[in-house]
Amino acid sequence: MTAPPTPHSLAGPGIILPAAFRAFRTLREPAYRAYTEAHASPADSALLLARGLGDLAANWSVIMLRSDAAAYAWDLFATTVRHHSDRIRIPVTCPLQYEIVVLHHLADCTIERTSETTGRPREKVCHLLSTWAP
């Protein structure tokens, strides 16, 4: 038995993703990719990124109904990564602090980019970074 082919795209034959999702993906994919790369080898991170983005595409209509769409999308994506990879040993007080520390310190995202990626206010990102004790 052979392994199924590796997916190269979220859009397969006959599947047209909404323009809003395509725009979201264009904006967020670099940070989402860096987050997955912090958790897995390059080959595994590509599959993990595709899985996470696929989950977002499958739930896009629900995400768009939320007033906190960016935060909700991030939470779905981060949950996918958490369930399919090993957690990095970083002492934190909550899952969001972990995600913010990984994005900012390991994935080299600026505070602004971390805020945009997680959908959390800049002040919350700054607070969670300032209270992190490595």
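Here is how the numbers come out for the structure above:
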item	result
Order of exposure, largest accessible area first, which applies to Ser67, Ser85 with probe 1.4 Å	Ser67, Ser85
The stretch 48-106, relative contact order [Cα under 8 Å, separation at least 6], %	33
Ranking by accessible area, most exposed first, for Cys109, Cys126 with a 1.4 Å probe	Cys126, Cys109
Quotient of C-alpha Rg and 2.2 N^0.38 Å, computed over the stretch 67-124	1.07
Förster-model FRET efficiency, 41 Å R0, Ala19 and Glu123, C-beta, rounded to 0.05	0.85
Relative contact order for the chain, counting Cα pairs under 8 Å that sit 6 or more residues apart, in percent	25
Modelled FRET efficiency - R0 25 Å, Leu65 with Ala43, Cβ distances, 0.05 increments	0.10
Theoretical FRET efficiency, 1/(1+(r/R0)^6), r = Cβ-Cβ of Ile90 and Ala58, R0 22 Å, to 0.05	0.15
Spread of Cα-to-Cα distances over 10 Å intervals beginning at zero, given as percent, for the chain	12, 43, 33, 10, 2, 0
Probe 1.4 Å, all protein chains present, accessible-area order of Thr118, Thr93, largest first	Thr93, Thr118
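The values are calculated or read from the model by the stated rules, or taken from the named source; none is laboratory data. Quick caveat: nothing in here was measured; it's all calculated off a predicted structure. Backbone-built Cβ (ideal geometry, glycine too); neighbour counts: all protein chains shown. The area values use the complete protein model at the heavy-atom level, side chains included, leaving out ligands, DNA and RNA. Shrake-Rupley method; radii C 1.70, N 1.55, O 1.52, S 1.80 Å.
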